[in-house]
Amino acid sequence: QKKQSVTRYLALGRESLESGQVEHGISMLRRILDLNPDDTDTHEKMIDALVRKGDADAAVTEVRALAQQHRETKRPADGLAMAKRASIALGQRPELRELIAELTLETGDHIQALMEYEALAADLAEKGALADAVRLYDKMLAIDRENIDAHFRLAGALTQLGRTDEAVARYKALADMLSSSGVLNTSINWQFLITVYEQIVAIEPNNRTAREWLADAYLAKGEREKGL
């Protein structure tokens, strides 16, 4: 009589939570999920109860499990709405923000997904979590290979991590992309390309090609001292 058991556990859980017995309420909800793991409503109740208890790690685990269920049933939008609510309640934890970016991408909104990844990567880089930032910049480039800002920030993060060979390779690839894409028609983009080559020279002072290009670029801009 599993259905009747679930009904009774749910009633007990509701009573416990309403009377402030959060731990007992969570125990009742867990029993329901043991009987019916696909019960998304109870998963959401469990998340709310764990947030109320202050058990952020367990709440995040529950959010990820429920998001996976929504993915398997081809409802990423439902998972996204739930993850956003949980993220607000739990204080914008990085793992939930990344989950939000993933689910946003799965809903087909590539631009918003890029914005979510970019904001999170910038925050992580600022806090010194450069390896995680590099991983997120790679995810951004998997969505949009021509994302100039992601290329530039990725190269900068690699430089800070001491992965100079990879950083120079990224800067060179970015310089080639800028040179061949026709974006150098404005002075802003021209200056950006100069900045890229300056970064290459800063990391790899003996890079003769980069120095020659910079010398020509400075002279073309009328910056004679820099050119010399």
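Of note:
- Residues in the chain average 56 Å² of solvent-accessible surface per residue, probe 1.4 Å, ligands and nucleic acids excluded.
- Helix-only CD estimate at 222 nm, as mean residue ellipticity for the chain, using -39500 (n - 2.57) per DSSP H run (n ≥ 4): -26000 deg cm²/dmol
- In the chain, lysine pairs closer than 25 Å at Cα, eight or more apart or cross-chain: 14
- If you sort 72, 106, 118 by accessible surface, 1.4 Å probe, largest first, the order is 72, 106, 118.
- Taken over the chain, the alpha-carbon convex hull comes to 139 cubic angstrom per residue.
- 74, 84, 139, ranked by accessible area, largest first (probe 1.4 Å): 74, 84, 139
- The chain - percent of accessible surface contributed by carbon and sulfur, probe 1.4 Å: 49 percent
- In order along the range 66-76, phi translates into HN-Hα couplings of 5, 4, 5, 4, 5, 5, 5, 9, 6, 10, x Hz, rounded to whole numbers, per the Karplus curve 6.51 cos²θ - 1.76 cosθ + 1.60 with θ = phi - 60° and x for Gly and Pro.
The values are calculated or read from the model by the stated rules, or taken from the named source; none is laboratory data. Owing to the predicted nature of the structure, the values given are computational and were not obtained by experimental measurement. In case anyone asks, the SASA skips ligands and DNA or RNA and just uses the protein heavy atoms, side chains included. Shrake-Rupley method; radii C 1.70, N 1.55, O 1.52, S 1.80 Å.
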